[in-house]
1. Based on the mean of other beta carbon atoms within 10 Å per residue, what is the order of 222-231, 136-145, most packed first?
2. At a Förster radius of 25 Å, what calculated FRET efficiency corresponds to the Cβ-Cβ distance of residue 206 and residue 241, to the nearest 0.05?
3. If we sort 119-127, 272-280, 314-322 on the protection proxy, mean other Cβ atoms within 10 Å, highest first, what's the order?
4. Averaging sequence separations of C-alpha pairs under 8 Å and six or more residues apart, then dividing by the length of region 369-462, give the relative contact order as a whole percent.
5. Hey, quick one: spin label on residue 266, modelled 7 Å out along Cα-Cβ, who in region 277-315 has an amide N within reach, i.e. under 15 Å?
6. Averaging the inverse of every distinct alpha carbon separation and then flipping it gives the Kirkwood radius. What is it for the chain, in angstrom units?
7. So, in nm, how far is label residue 309 from label residue 46 when the simple model puts each one 7 Å beyond its Cα toward the Cβ?
8. At what distance in nm do the modelled label points of residue 54 and residue 448 sit from each other, each positioned 7 Å from its Cα along Cα→Cβ?
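Values quoted throughout were computed directly from the atomic coordinates according to the rules given, and no laboratory measurement underlies them. Fair warning: this is a prediction, and the values are worked out from it, not measured in the lab. Note: ideal-geometry Cβ built from the backbone for every residue, glycine included; neighbour counts use all protein chains shown.
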Ligand SMILES: [Zn+2]
């Protein structure tokens with residue numbers, strides 16, 4: 001780590017600054033230092049900074065496997081069957097023989113996965129919305145939450161942010177927004193954290209104007225946002241010739257950040273985007289640093305693998321399915337969990353010198369890709385690129401392409417001015433090139449396409 005101070009959220013002299021709420025350049029230097037010290041203390045007491053020395057990731061992996069074997073009936077049987085343990089000892093080099101965990105197992109065998117020995121942990125159930133179908137429930141605990149918070153905070157400091165700096169959260173999760181703004185305690189915490197919450201659910205034109213006013217007034221050090229919501233807000237600002245000023249960094253999360261989205265956000269805000277990848281099930285997984293050369297995997301919290309269709313590890317540069325082992329959830333160990341996303345490992349290390357695994361990118365949900373009857377897989381990027389970028393010369397405001405069957409595709413489209421029959425014919429043609437001439441394509445014009453219950457937005461959905 002090049003700048004240990006920054007990694008623990010204490011601004012170093014070269015990246016320190018005073019927020020608009022502060023006393024500006026008039027603050028004596030000792031006052032600034034005192035402020036930072038106080039916030040450092042608060043960050044520590046809120047669990048954003050880990051007190052203890054961390055084990056090495058490999059030791060953490062071995063420890064969670066041992067715990068799973070001793071406490072989870074599901075893993076005890078599985079490890080026995082696949083010879084993962086010998087005489088009570090975990091054989092780490094047999095890790096890849098552990099069968100993958102998936103949503104179905106999580107859904108139907110939750111009680112067997114749960115640790116029988118709670119060890120005094122304060123547990124709670126969390127839920128993952130799921131793009132289609134019923135949500136999945138999983139058990140987490142306060143220790144998990146603390147470790148998870150610490151890593152998320154550390155990632156935010158990579159943008160130059162430190163606790164106490166003005167931050168805006170443009171968040172698309174009703175439940176979280178309600179939780180964080182409802183109680184007096186959480187409101188007080190938000191004031192201390194200098195945090196303003198904006199709900200990104202169904203952003204109307206009126207609301208977006210209001211959000212832009214708030215952003216320009218606060219001039220936040222950091223905006224943390226749902227990728228799609230931030231993209232839409234920036235697109236709206238650009239279309240209406242409204243400025244976004246004073247923002248110093250944007251961190252996007254929840255949903256794939258496609259290249260055109262990143263370009264728009266960076267152009268409109270005039271700052272770089274730090275993309276972060278995480279899920280409800282395992283928390284923060286990876287995040288970009290100031291070099292934007294890929295996402296550093298949070299090796300203290302997760303062990304990440306990328307595998308091909310046969311379950312074999314993919315070399316760097318080759319796309320595969322992301323498999324996660326949580327190193328911090330002792331209440332319900334999640335080992336070799338196929339999280340449902342595609343990703344690619346980076347071929348080159350990042351210039352920042354941070355150690356560990358580097359993800360080149362997360363390329364989309366497994367259920368975003370379309371399939372033909374003959375077995376051909378068409379990645380979501382094909383449709384997103386052609387419909388969203390090549391064909392879209394400002395005539396498409398929003399779209400969603402849904403594969404209903406092997407030969408049936410529905411397109412929902414919110415048109416902008418100038419959209420016509422030619423555009424529709426081109427969309428149908430592009431889809432047929434990939435899905436075959438026999439594929440029926442319906443293009444339906446709609447007023448709005450709402451995000452999923454989880455607040456995330458999907459450009460393509462395969463229902464097969
Ligand atoms: Zn880096």
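1. Result, highest mean first: 222-231, 136-145.
2. 0.90
3. 272-280, 314-322, 119-127
4. Dividing the mean separation by the residue count of region 369-462 yields 34 percent.
5. Those under the cut-off are 288-295.
6. So the Kirkwood estimate lands at 23.7 Å.
7. Each label point is offset 7 Å from its Cα along the Cβ direction, giving 4.7 nm.
8. With each label placed 7 Å out from Cα toward Cβ, I get 4.1 nm.
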